[in-house]
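As structure tokens, the structure follows; a few thoughts come after it.
Just so it is clear, none of the values below were taken in a lab; they were calculated from the coordinates. Quick caveat: nothing in here was measured; it's all calculated off a predicted structure. A quick note on method: Cβ atoms are made from the backbone with ideal geometry, for glycine too, and the neighbour counts reach across all protein chains shown.
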Amino acid sequence: MRDTILLTGSTGVIGRALVPLLAERRDVEHVYALVRGGGEVANLEKVKAVPGDIAAGERLGLSDQQFEEISENVTVIIHAAADTRFSASLSQLQAANVDGTQNVLDFARRCRSLRGIVCLSTVHVAGQRTDAIEEDIVEHSAGFVNCYEQSKYESELVLREGMGDLPISIVRLSTVLGDSTTGAVAKLAAIHQGLRLYYHSLAPMIPGFPSSPVDLIASDYAAAAIAHLAVSNFSAGSVLHLCGGRDTLALDDLLEITHKAFVRYRPSWRKRSIASPTIVDLSTFELFARSVDEVGDNLLRQSVNVIRHFAPQLAYPKTYDDDGCRNALGNMGIDKPRVADFYPKVVRWLIESGWADQKLTTPVTGVAR
Amino acid sequence: MGSSSQPPVGVTAIECVLGAETVSVEELETRGLLETPATRLQEFGFHCVRLSSEPAHELGLRAARKLLGVASVDPESVDAIFYVGATPISHAVVTSDPRSAFNYPVAYLQYELELTGAVTTGVSQLGCAGLMTAVSMARNFLIANESASRVLCVSSDVFPAGSRREMIYNVISDGACALLVEKGAGKNRILDYRQVTKGYYWDLTTKKNEIAAAYFPTARAIMQDTLRDCGIDWSSVGLILPHNVSLRSWEILLGLIGAPAEKLFGANIARFGHVIAADNFINLRDAEDTGRVQPGDKLLLFTFGFGANWACMLLEH
């Protein structure tokens, strides 16, 4: 039997990459791409864009006809929609990430042919925990670096509850950087903005430790892995880490590679003699950020806020176990690109795309989904 | 770092003259001379500044005269004068006659102080790093000239009356500092001096934010490089003699470099704020006078000057 898929978040970074991958699969019959607010999806034969909104109740804002059609036919739901703004309030984020997830589960209960729900989450639900993070839902009281992390953590609690009667698999992504081959970035996220601040000499310090692991994955790999985990190797009740795992860069190495990439792909940048951000303890960073808040110009304040919304995660170093995910992907030809290989390509793409010239007022988003 | 075969050179005497008028930051605010609220600047460690109605060259002359008197220096024994000013107006005694742009204060001091054997040099375009650079130049001069024994370095800056007193969240005093750099010095021997210039930040008016951000990582780097050059770490540094920018920024910088707050001689920041290029050496004098330094102590001086200059000097008291 071929699957009919409902994809939420189809206009996000992962969703946009997933649509053509799903459409080209022989084991996929049809893809309903839920689209909020007039967004567009790829015009492909198997793909049908349906207006809707996960925050609009258990019918997901679908028309009566579409609700009936989709709930009748869908076999797999890939829930990729999320509010990834690091700077948003908790209540704003909960509306999409917690209530929206609950709505998706309630919708799933109305689906008569459903065999699986893959919900995308983030490894950062671990918040301020440190050390090794398991592929499991673990309640913790360590706290969070930003409200996005907290909202996704709360979303997972909803999912855990839903696992009692629904076939749910959680796939936690680490930071999605860009395409492993071309370096292309579909949507600028916090890390890309942080790099831009460094490029412009507006990132004096980063909280963390020189050895703090920075876990990054390529967008094409992430999309291919999700498609596989949703369609051909679904496992109800699983929690998987789609991340670098053992293949991470230490923070000081990442800064050094970045510096070299800036010089290599924009040789004139060298003459600026811009120093790499200093890696500092969290209290020193917070004192600096508070001082900028108190007296700094708007530009510097915005710059520090970009860093402040995500970089403190580096002050809580951790590694993510990804054995379950790697086993699930098995020998499917979905090879994980090495971060040391694709990271410079992304920096190159950013430089060549004119990313450095964009204004700093773009909202800070997280995992670029 | 100085070669062991070179004669030791150090700073043997320091005197200063600050502006005569003491003004609180609240009063500066009342006079409209601040950009940031006074209460905020107080939180950052500033309380008073000193304003001068005397021009810079007169303040410099008084500081130098005081130094020569206190140190009992024979004027004819001075081999050179290096005169430091951060702004162009500090380097000319200007009248309505355009030719007065060539009325250099260093020559004025040479004449008034009867330093007849001294050659003169102006040190400019280094902002608050000027005096430290002049001291380094003095050392080089003394090492290069076998017969030379002492150099007088004078720094003096006075803002025009009614000028704003705040530069990137720091409060500025008028003042002059004179010091003697001598060959065979028995104290404050110069162990190392480093200067980093990053011309990208030359334009203060358009790069204010970038300068504020760049300040910290480069400051950390130059201090660490200086210590590494000398084969020591922070545990061997007896005292940090700062430029008197805000205590807040020093708290942040101490966090970056991993040095304890007790090593910072920061008392003068509240007393008179930032005296342009003179801070580090006024602080050295006051640290000596208050018994904060002992013979053999390693003293680290750090400053940043517009024109994008980071400068660091290590002395052995």
Once the Cβ-Cβ distance between B:S96 and B:A144 is put in as r, and R0 is 45 Å, what FRET efficiency do you end up with, to the nearest 0.05? 0.65
Which whole-number percent is the relative contact order of the range B:9-183 (Cα, under 8 Å, 6+ apart)? 36
Jot down the radius of gyration and Dmax of the range A:198-257, Cα atoms only, both in angstrom. 16.1, 47
Restricting things to Cα coordinates, could you compute the convex hull volume per residue of the range B:31-128 in Å³? 153
7 Å from Cα along Cα→Cβ at both A:A184 and A:R301: what's the point-to-point distance in nm? 3.8
Log entry: pair-distance distribution for the range B:189-316, C-alpha pairs binned every 5 Å from zero, whole % per bin is 2, 10, 22, 24, 22, 12, 5, 2, 0
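Mean separation of Cα pairs under 8 Å and 6+ residues apart, divided by the residue count of chain A: what relative contact order is that in percent? Write out the running numbers ahead of the final one.
Details: 768 pairs, mean separation 79.9, N = 369.
Once divided by the residue count of chain A, the mean separation gives 22 percent.
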Calculated diffusion of chain B, Stokes-Einstein form, Kirkwood radius summed over Cα pairs, 4 °C and 1.567 mPa s, µm²/s: 66
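Based on the Cα coordinates of the range B:114-230, what is the per residue volume of their convex hull in Å³?
Details: hull volume 17.7 nm³, N = 117.
Dividing the Cα hull volume of the range B:114-230 by its residue count gives 152 Å³.
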Could you state the principal axis extents of the C-alpha atoms in the protein assembly as shown, from the largest down, to the nearest angstrom? 104, 54, 44
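Please pull out the direction-averaged projected area of the range A:164-277, using the convex hull of its alpha-carbon atoms, in nm² to one decimal place.
Numbers: hull surface 36.3 nm².
The Cα convex hull of the range A:164-277, projected and averaged over all directions, gives 9.1 nm².
Counting alpha carbon pairs within less than 8 Å and at least 6 residues apart, what relative contact order, in whole percent, applies to the range A:50-170? Can you show the working numbers first?
Numbers: 185 pairs, mean separation 37.2, N = 121.
Relative contact order comes out at 31 percent.
Jot down the per residue volume, in cubic angstrom and as a whole number, of the convex hull over the alpha-carbon atoms of the range A:258-329.
Numbers: hull volume 11.1 nm³, N = 72.
Value for the range A:258-329: 154 Å³ per residue.
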Helix-only mean residue ellipticity at 222 nm for chain B, each DSSP H run of n ≥ 4 adding -39500 (n - 2.57), per residue, nearest 500: -9500 deg cm²/dmol
At 7 Å along the Cα-to-beta-carbon direction for both B:A161 and B:E112, put a label point, then send me their distance in nm to one decimal. 1.9
The exposure ranking of A:V31, A:V171, fewest beta-carbon neighbours within 10 Å first, is A:V171, A:V31
Fraction in percent of alpha-carbon pairs per bin - 5 Å, the range A:289-342: 4, 14, 13, 12, 13, 10, 10, 9, 7, 6, 2, 0
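For chain B, please report how many Lys pairs fall under 19 Å Cα to Cα, leaving out neighbours fewer than 8 apart on the same chain. Could you put the intermediate results ahead of the total?
Values: B:K183/B:K298; B:K187/B:K298; B:K198/B:K207; B:K198/B:K208; B:K263/B:K298.
Lysine pairs meeting both conditions in chain B amount to 5.
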Taking the Cα atoms of chain A alone, what are Rg (to one decimal) and Dmax (as a whole number) in Å? 20.2, 64
Between the range A:29-81 and the range A:234-276, the Cα center-to-center distance that results, in Å: 35
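Say R0 is 25 Å: what FRET efficiency, to the nearest 0.05, do A:E286 and A:S89 get from their beta-carbon distance? Spell out each step's value before the answer.
Numbers: r = 20 Å, r/R0 = 0.80.
With R0 = 25 Å, the Cβ-Cβ based efficiency is 0.80.
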Candidate lysines for bridging to A:K187, where Cα separation is under 24 Å - those fewer than 8 sequence places away on the same chain excluded: A:K48, A:K152, A:K260, A:K336, A:K345, A:K359
Binned at 5 Å from zero, the C-alpha pair distances of the range B:9-183 give percents of 1, 9, 17, 19, 17, 14, 10, 7, 4, 1, 0
By how many nm would the segment from A:E24 to A:D106 lengthen if fully extended, with 0.36 nm per residue of separation less the alpha-carbon distance? 26.6 nm
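Ranked by Cβ crowding within 10 angstrom, fewest neighbours first, how are A:D131, B:D157 ordered? Walk me through the intermediate numbers first.
Details: A:D131 9, B:D157 27.
Placing the least packed residue first, the sequence is A:D131, B:D157.
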